[in-house]
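Trainee: Pasting in a structure now, in structure tokens, and then I'll have a few things to ask.
The values are calculated or read from the model by the stated rules, or taken from the named source; none is laboratory data. Keep in mind that this is a model prediction, so the values were computed, not measured. Note that each Cβ is placed from the backbone with ideal geometry, even for glycine, and that neighbours are counted across all protein chains shown. When the accessible area is computed, the model is the full protein with side chains, heavy atoms only, and any ligands, DNA or RNA have been set aside. Shrake-Rupley method; radii C 1.70, N 1.55, O 1.52, S 1.80 Å.
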Amino acid sequence: MKLEIKGLPSFGYADLILEPGEHFITESGSMATMDAALDLNPTPRGGILSSIIRKVFLGESFFMNEYRNVVDRPLRLTLTQKTPGYMVLRELRDEVIYLQPGAFIACDPTIQFSTEWAGISSFIGKEGLFRLVAYGTGRIIFGGYGEVLEKDVNGELIVDTGHLIAYQRGISLKAQLSGGIISSFTSGEGLVTRVQGSGKVWIQTRSLQGLASWINRYF
Amino acid sequence: MRPGSSAARIVLDQGESVTAEGGAMIAMSDDMRVQTSTFKKNSGGLLGTFKRLLAGESLFFNEFTAGSHGGDVYIGTTLPGDMEILDVTGRKIILQAGSFVAATNDVSINTSWQGAKNFISGESLFWLELTGQGPVIINAFGVIYPVEVDGEYIVDTGHIVAFEDTLRFEISKVGASWLGSFLGGEGFICKFRGKGTVWCQSHSSSAWGMSMSPYLKTVK
């Protein structure tokens with residue numbers, strides 16, 4: 001399989017060539033173009049319960065798509081995301097990665113999924129009640145709005161709500177006010193997430209909520 | 001600045017002209033002559049103007065003609081994204097309305113009726129037909145990339161920028177079942193058949209707009 005992320009940094013998209021017999025898993029709605037001979041099979045990856053939790057609590061979709069090459073020549077598939085921005089291609093080696101809603105784009109079929117309780121702190125910090133867990137060995141593609149920064153955390157880091165898109169096992173989240181009661185609201189920051197532990201976090205440089213609140217001022 | 005913030009710089013010799021959609025010019029040399037009209041030569045006269053309005057293009061075209069020292073015109077677009085130059089010589093290109101930016105005067109622009117397919121797909125797709133000779137500048141939301149079709153190729157409706165007239169297209173489903181297509185989140189797609197090039201955009205401005213809508217205030 002040939003897999004390339006093109007269009008970086010502002011309009012990242014994935015350009016894939018699947019050889020006969022190969023298949024790839026993608027999130028619902030991420031296909032931009034594809035050879036008509038590719039077979040599409042929507043599947044509730046991770047099981048029915050996980051898929052229900054994914055749909056109800058994470059705002060993701062119940063089904064994921066499996067694209068399969070069932071003919072005898074290479075077939076092309078291009079994938080996109082709803083927001084303009086960066087796309088990260090990561091090679092997982094028996095690794096666990098937590099993904100925020102909307103971040104997941106596609107992965108090798110060897111990657112497994114489940115949903116996990118994220119903790120009350122995560123919920124208060126508006127980072128969700130559940131989180132999507134991707135684990136195993138294989139490639140995973142996830143993306144965000146704007147540039148995506150990869151940071152190694154050893155100790156603590158404060159991340160503004162709406163900007164965390166993925167993090168490794170070993171990292172835990174705690175919501176807190178950005179400053180004192182008054183300054184949190186006057187500074188415009190409000191709630192932030194305190195990221196603790198040891199591992200990598202991925203942060204998007206822009207947020208949809210930020211753009212929307214800027215647009216809302218005109219109406 | 002491709003693909004995020006593209007702009008085009010057109011260098012004109014003395015007396016040469018280029019026609020661009022209304023509002024596209026960012027900067028130009030000071031001795032450029034600008035003529036605004038509702039129709040472009042070879043493009044359907046006044047009736048063509050109204051058809052273009054329906055197609056989502058601006059009502060006006062601006063024709064920039066360089067003075068005796070030649071001159072430059074800088075052209076930009078409304079949405080951030082890529083720009084591309086297509087040469088229409090020897091072929092007919094169907095272009096999505098809204099993606100047209102500029103062309104030289106030997107290019108003919110007409111609206112193209114592609115049948116009820118426009119409405120069924122749910123996108124507001126109107127098309128322009130480009131024939132004649134010379135370059136056309138197009139723009140899109142995202143990166144513009146070509147796909148050489150030889151057989152059948154599917155493009156999600158929000159991602160089509162332009163295609164060669166040698167291709168047939170129909171609004172259809174992905175894979176073998178309609179249920180599969182809708183559950184898979186793709187719904188209606190465009191299936192191209194034949195031999196020719198389709199120019200695609202990496203992102204869809206309508207999907208981008210919809211992803212913002214839960215956060216936007218409703219206005220009564």
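Trainee: Just give me the residues in the stretch A:14-46 being open to solvent by less than 10 Å² (accessible area, probe 1.4 Å), more than 8 Å from residue A:77 (Cβ to Cβ) and touching a His at 6+ places or on another chain (Cβ under 9 Å), in sequence order.
Mentor: Of everything in the stretch A:14-46, just one residue is open to solvent by less than 10 Å² (accessible area, probe 1.4 Å), more than 8 Å from residue A:77 (Cβ to Cβ) and touching a His at 6+ places or on another chain (Cβ under 9 Å), namely A:32.
Trainee: List the strands (runs of 3 or more DSSP E) that sit entirely inside the stretch A:1-45 and contain at least 3 residues that are over 28 Å from residue A:147 (Cα atoms) and out of contact with any Cys (no Cβ under 8 Å at 6 or more places or on another chain).
Mentor: Values: elements: A:2-6, A:13-18, A:23-27, A:31-35, A:39-43.
Strands (runs of 3 or more DSSP E) meeting the threshold: A:39-43.
Trainee: Would you be able to tell me the number of residues in the stretch A:47-73 that are farther than 22 Å from residue A:143 by Cβ and surrounded by fewer than 16 Cβ atoms within 10 Å (Cβ to Cβ)?
Mentor: 9
Trainee: Another question about this same structure. Among the residues that make up the stretch A:71-91, is at least one of them farther than 21 Å from residue A:24 by Cβ and among the hydrophobic types (A, V, I, L, M, F, W, C)?
Mentor: no
Trainee: Search the stretch A:193-219 for residues being in a loop (DSSP other than H, G, I, E, B) and open to solvent by 60 Å² or more (accessible area, probe 1.4 Å), and hand back the single one that is nearest to the other protein chains (Cβ to nearest Cβ).
Mentor: Per the stated criteria, the residue is A:219.
Trainee: From the list B:117, B:92, B:51, exactly one residue is at pLDDT below 85 and under 18 Å from residue B:162 (Cα atoms). Which is it? Before you say what the answer is, go through the steps one by one.
Mentor: Numbers: B:92 fails: at pLDDT below 85; B:51 fails: under 18 Å from residue B:162 (Cα atoms).
Going through B:117, B:92, B:51 in turn, the sole match is B:117.
Trainee: List the pairs whose first member sits in the stretch A:34-48 and is touching a residue at least 40 places away in the same chain (Cβ under 8 Å) and facing chain B (nearest Cβ under 10 Å), whose second member is basic (Lys, Arg) and part of a strand (DSSP E or B), and whose Cβ atoms are under 6 Å apart, counting only residues at least 6 apart or on separate chains?
Mentor: A:35/A:76
Trainee: Tell me, yes or no, whether the stretch B:162-172 has at least one residue that is surrounded by fewer than 17 Cβ atoms within 10 Å (Cβ to Cβ), at pLDDT 85 or above and under 27 Å from residue A:43 (Cα atoms).
Mentor: There is at least one residue in the stretch B:162-172 that is surrounded by fewer than 17 Cβ atoms within 10 Å (Cβ to Cβ), at pLDDT 85 or above and under 27 Å from residue A:43 (Cα atoms).
Trainee: Where in the stretch A:84-192 are the strands (runs of 3 or more DSSP E), entirely inside, with at least 2 residues that are more than 19 Å from the chain's Cα centre (by Cα) and surrounded by fewer than 18 Cβ atoms within 10 Å (Cβ to Cβ)?
Mentor: On the way: elements: A:87-99, A:104-107, A:112-117, A:130-143, A:148-160, A:164-168, A:171-177.
Answer list for the stretch A:84-192: A:148-160, A:171-177.
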